[in-house]
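See below for the structure under consideration.
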Amino acid sequence: MKRLVQIVILISFSLLLSGCGKFKEVNILGLKEVKLRGMKNKVILLDLSLEVQNSNKRRIVISDINFHAWLNDKQLGELRSTNKIVLKADTTQIYSIPVEIELRTMADAFKLMGGNTNALLEQLTVEGYIKGRVFPFTRKIRVEKQPLSQLVEGYKHGFYQ
């Protein structure tokens, strides 16, 4: 009986893996808007509206976005997503991605709050990772230190695979 269970598990796993084809890349077609949701303690809350094209036949879940952030070459804090983002299969759609920037000091908050939120994109430099999954596979993409605007532009032109 134990041998039969092992064979069934092996066959099931083989069928699962053989059904998985090659995935196409997800493209960011543009950043539509950066909206300031507010601030609490030392955390700035933002919504990034991105137009995303998922040409895969399966939905993709972006489970984690985590970056170290710098403002004009001075360490600012951590930028991370607050929710999972589900990219629907075979669509081009605008997604609102809630992110938070946890600041090192309150003085940094005044620098961020004083300016235009769209200009913030040009001033922020980030380094970290984006983690996504398509059942049952997970992939973590490392992002080298670069301006946030360049990261969005790089996805727009398919540089990250």
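Please enumerate the residues belonging to the stretch 47-89 that are more than 15 Å from residue 128 (Cα to Cα), within 14 Å of the chain's Cα centre (by Cα) and of a type in the set (Asp, Glu). Residues satisfying the conditions are 47, 51. Within the stretch 66-91, restricting attention to residues that are under 21 Å from residue 145 (Cα atoms) and of a type in the set (Lys, Arg), the residue that is modelled with the highest pLDDT is 80. I'd like the full set of residues that are farther than 18 Å from residue 149 by Cα, at pLDDT 80 or above and either loosely packed, with under 10 Cβ neighbours inside 10 Å or polar (S, T, N, Q) (or both), limited to the stretch 5-52. Within the stretch 5-52, 38, 40, 41 qualify.
Screening residue 111 on (1) at pLDDT 85 or above; (2) within 20 Å of residue 40 (Cβ to Cβ); (3) over 14 Å from the mean Cα position of the chain (by Cα); (4) among the basic types (Lys, Arg) shows it passes everything except condition (1).
A quick yes/no check of all residues on (1) assigned to a strand (DSSP E or B); (2) touching a helix residue (DSSP H, G or I) at 6+ places or on another chain (Cβ under 8 Å); (3) at pLDDT below 85; (4) farther than 23 Å from residue 144 by Cα:
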{"position": "3", "(1), (2), (3), (4)": "no, no, yes, yes"}
{"position": "61", "(1), (2), (3), (4)": "yes, no, no, no"}
{"position": "64", "(1), (2), (3), (4)": "yes, no, no, no"}
{"position": "96", "(1), (2), (3), (4)": "yes, no, no, yes"}
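The values are calculated or read from the model by the stated rules, or taken from the named source; none is laboratory data. The structure presented is a predicted model; accordingly, all values stated were derived computationally and were not measured. Neighbour counts run over all protein chains shown; Cβ positions are idealised from the backbone, glycine included.
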